[in-house]
Each structure stands twice: as structure tokens, then as C-alpha cells.
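Take a look at the structure set out below.
The values are calculated or read from the model by the stated rules, or taken from the named source; none is laboratory data. Bear in mind that the values here come from a model prediction, so they are computed numbers and not experimental data. Glycine also receives a Cβ, built like all others from the backbone with ideal geometry; neighbour counts cover every protein chain displayed. What goes into the accessible areas is simple: the full protein's heavy atoms, side chains included, and nothing from ligands, DNA or RNA. Shrake-Rupley method; radii C 1.70, N 1.55, O 1.52, S 1.80 Å.
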Amino acid sequence: MAPLAPFDRTVVLSPHFDDAALSLAGLLPELPGPVTVVTVFGGAPDADAPVSWWDRTCGFSTAAEAYRTRLAEDAAACALMGAEQIVLDHPDGPYAAPGAELHALDDFLKNLGPGALVLAPLGSNQPDHEAVRHRAVSVLGAIGAPLPRVYADLPYTGHVPGWGEPGAVDTLAVNSYCGLAYQALSRAYDTTVKHELRLSDEQWAAKRAAVLCHGSQHAAIATDHGAFLSRTGPLSAELIWSLAPLGSASPIEPGEATPCD
């Protein structure tokens, strides 16, 4: 059963425990509060589950140890970001049952109030993230709620050349590696940049502190993303798009009534 959903606030769908901090710690203070971070793949692994490659790389001996640590790290990061922590009971990919559906996410979204602003990840080269976005769009659309806004998931999207500079979105639109998820999204919806931020030194210091709360993950992240915590690296700029049906005048915003047939 999904936790009681918050009303009239910003709801960040964070696929894994660290995604909200990595992708949005700078922008969250600029969004309508209060803010809730919902970790979708936040369920505990089975007691007898063998430790995954990822968790071994992070230095854990057991899946249970990894889960306890990551849950505590997330609580610390959410506290620094001024966000409420909610964890859904879907286990992370290596510990999930084959073909498991995101029913807890469905229930959570269906119980949100009309004023909730939902943020979902783009899914650049990250199938778990893309699955969360697709599910959010599908469920919210089915109940007549506003479409979610979509955030650039970092560090994945942030590897596009010129990230954080003018023209980065244009580069995403043609880049054959980092831009594939954005290109698919923009073929299905009209996208508009609603928030973009190149972090100041003060904002970067606050974001870095939140990201460091998830320190157990950094060894594994660095295997694919190198010096991702570099001051001018892929975490140094953040971006959120709004979505609207192709050819429509503008997206329906949270709190607005949906058009009648």
C-alpha cells in the first residue's frame, strides 16, 4: 500500500535514493513548497537476496546492509534539501521480481491532490528512470491530471557537450548518445524549458553537501561517470521542462481544471 500522498506541493519522483539530490538539489528551493522526494525503487530486498554487483562495488557485504545505509543516506539528504522523505516499496532492479509492475507508484499518483506539481526524470540512458516517467505520464493522463514536468536526470543528461550553456537543449535534440530520451520525448510532446539553473558557488556548496550524503554510491557512479563531482561537471546545471500535447497552446498547470470533452 502506498503511503498517504501529500497535497498541494512539489513531488519529485526520484527513481533511486540519490537521483533527487544529483539532479535537483539546486532548483528545489525555487519550486513551490513544501517538497516531497518519493523514491520509487525504495523497497527492501528479500532477506536472502545475494548482494548485487552495484552494491558490492559500493563496498557492501550484503543487500540488507546496502539498503539500510541508503535509506539513512536519503533521510540525511532530504533533511538538507528541506524535503519530506517518502519511500515506495518497489525493490531496486537487481532485487526486483521479473516483470514487477509499479503498482505502489500508481496508487501514490492517483491519490495526489489537484495542486500537486509532479516532477519525473527524463531517462537519459537509464531505463529505470524512463520507466518512471512513462508510468507517471500514463497514470496522470488517465485520471485527467496535469502532465508531470520532466527534469534532466544527472549525471546522465549532463554529459551532453555544452551542458549548462546556452544551446544545450538544442544539442540534446541532435546528440546521438545523451539526447535519445529527449528526442523521443519531444516527438511525443511539446516541451518548454520552465526552470534552468547554472549553480552559483553558494548553490553548489549546498548541492554538494546533499550529494555527499549519498557517499556510499560514489565509487560505482564514478566507474561510468568519472569526476562527476567536478565543479564544472555534469551536476553543475539543472533543468526542468513542462510538457503539453503536440500542437496545444500550453500545458495544463497544477491547480487548473482539465478541459471537458
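Just the ratio, please: alpha-carbon radius of gyration of region 207-252 over 2.2 N^0.38 Å, N its number of residues.
In units of the 2.2 N^0.38 Å rule of thumb, it is 1.75.
What percent do you get for the relative contact order of the chain when only Cα pairs under 8 Å and 6+ apart count?
25 percent
According to a simple spin-label model (label point 7 Å from Cα along Cα-to-Cβ), what is the distance in nm between residue 68 and residue 208?
3.2 nm
At q = 0.15, 0.20, 0.24 Å⁻¹, what base-10 log of I(q)/I(0) does the Debye formula yield for region 70-181 when every alpha carbon is treated as an equal point scatterer in vacuo?
-0.84, -1.25, -1.32
Treating only the Cβ of Lys, Arg, Asp and Glu as charged (+1, +1, -1, -1), what charge dipole size does region 26-132 show about its Cα centre? Round to the nearest 20 debye.
For region 26-132, the charge dipole is close to 180 debye.
For the chain, what's the radius of gyration and Dmax over Cα atoms, in angstrom?
Expressed in Å, the Cα Rg and Dmax of the chain come to 17.6, 56.
Which of the helices in the chain, when you take each full DSSP H run, stretch at least 15 Å along the axis at their Cα atoms and have an average Kyte-Doolittle score of -0.5 or higher?
For the chain, where a helix must reach 15 Å along its axis and average at least -0.5, the hits are 63-81, 127-142, 201-212.
Given H placed on each backbone N at 1.01 Å, which residues far from residue 123 in sequence or on other chains put an amide H within less than 5 Å of it?
For residue 123, the qualifying residues are 153.
Amide H to amide H under 5 Å from residue 117: which residues, 5+ apart in sequence or cross-chain, H placed 1.01 Å off N in plane?
Residues meeting the amide H criterion: 9, 10, 11.
Explain nothing, just compute: Karplus ³J(HN,Hα) = 6.51 cos²θ - 1.76 cosθ + 1.60, θ = phi - 60°, for every residue of region 168-178 in order, whole Hz, x for Gly and Pro.
Those phi angles translate into 5, 5, 4, 5, 4, 5, 10, 5, 8, 10, 6 Hz.
Out of all Cα-Cα pairs in region 33-110, roughly what percent, to the nearest whole number, are more than 14 Å apart?
65 percent
About the Cα centre, and with charges only on the beta carbon of Lys, Arg (+1) and Asp, Glu (-1), how big is the dipole of the chain? Nearest 20 debye, please.
300 debye
How are the alpha carbon pair distances in region 155-227 distributed across 10 Å bins from zero to the largest one, expressed in percent?
Bin by bin from 0 Å, the calculated values are 16, 39, 35, 10.
Quick one: what do you get for region 6-57 if you divide its Cα Rg by 2.2 N^0.38 Å?
For region 6-57, the normalised Cα radius of gyration comes out at 1.46.
Quick one: pull the percent of accessible area on the chain belonging to carbon and sulfur, 1.4 Å probe, ligands and nucleic acids left out.
The C+S portion of the solvent-accessible surface of the chain is 55 percent.
What does the accessible area per residue of region 184-237 come to in Å², with a 1.4 Å probe and no ligands, DNA or RNA counted?
49 Å²
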